[in-house]
Amino acid sequence: MLVFLSHCLLNQLVRAGGSFTPGVTGRLLELLSKYPVFIYQLPCPEYFFLGLREKKTQDVWESIPGFKDFVSNLADDLEKKVRQIIEDKDLILVSIARSPCCSTGMVHRGDRLVKGRGIWVRELEKRFKFDIIEFDFKKVDESLHKLKEFLNKKVK
């Protein structure tokens, strides 16, 4: 199994607005170390495009000139780089709840939280077939438990 981890799970310095949740990275890596998985840290499109930034909603990101093309090109580049290493491996994406780029459930559009996929996730889904587990920095214990249950089922 190859686990695609959203960038901020391993490096919280890239999170918008300086958000930080102590202990998440260590707990996540400890959990993953108990399974026969390979880990691939995905790039953060928001950080690579703007660097340190304040939080923005998905509709704001979609309106920034050049951003959607940047994300598409980043996904093309990722596909070229990982095509050889993903061969014959189950792919798992650990996405980020409510992220305008990395969410797989709900995103902020204007002042509302609505059902939808992140910009980055949509581009990745065009290129890869993977199972998805969404990680919520506001519900760390629950997120780790869901990931553990999912991995237990996959390993059987």
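Expected output is a single nm value to one decimal: the length gained when fully extending between Lys115 and Ser19, i.e. 0.36 nm times separation in residues minus the C-alpha distance. What is it?
Details: separation 96, 0.36 × 96 = 34.56 nm, distance 2.28 nm.
Here the segment from Lys115 to Ser19 would lengthen by 32.3 nm.
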**Asked** Under the definition of Cα pairs under 8 Å and six or more residues apart, what whole-number percent is the relative contact order of the chain?
**Response** 24 percent
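Subtracting the Cα-Cα distance from 0.36 nm times the residue separation, let me have the gained length for Met1 to Val60 in nm, one decimal. Walk me through the numbers before you get to the answer.
Values: separation 59, 0.36 × 59 = 21.24 nm, distance 3.47 nm.
Here the answer is 17.8 nm.
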**Fill in**
Most packed first (mean Cβ within 10 Å per residue), the peptides 121-129, 1-9, 107-115 order as 1-9, 121-129, 107-115
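By how many nm would the segment from Asp131 to Lys34 lengthen if fully extended, with 0.36 nm per residue of separation less the alpha-carbon distance? Before the final figure, lay out the partial values.
Details: separation 97, 0.36 × 97 = 34.92 nm, distance 1.90 nm.
Full-extension gain reported as 33.0 nm.
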**Prompt:** Under a point spin-label approximation (7 Å from Cα along Cα-to-Cβ), what is the Asp90-Asp69 distance to one decimal in nm?
**Reply:** 4.0 nm
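Give the relative contact order (percent, whole number) for segment 90-156; include only Cα pairs under 8 Å separated by 6+ residues.
On the way: 98 pairs, mean separation 20.2, N = 67.
Worked out over segment 90-156, it gives 30 percent.
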**Request:** Could you tell me what percent of the DSSP beta bridges with both partners in the chain are antiparallel, to the nearest 5?
**Result:** 20 percent
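Which helices pass in the chain if a helix is a full DSSP H run, must span at least 18 angstrom along its long axis by Cα, and must have mean Kyte-Doolittle hydropathy not below -0.5? Don't skip to the end; give the middle numbers.
Working: long enough: 67-86 (28 Å, -0.28); 140-155 (22 Å, -0.69).
Going by DSSP H runs, the hits are 67-86.
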**Prompt:** With a Cα-only, solvent-free Debye model of the chain, what are the log10 I(q)/I(0) values at q = 0.11, 0.19, 0.20 Å⁻¹?
**Reply:** -0.41, -1.28, -1.41
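Every read-out reported here was derived from the displayed coordinates using simple, explicitly stated rules and does not represent laboratory data. Please read all numbers here as calculations on a predicted model, not as lab measurements. Virtual Cβ from ideal backbone geometry, glycine too; neighbours counted across all protein chains shown.
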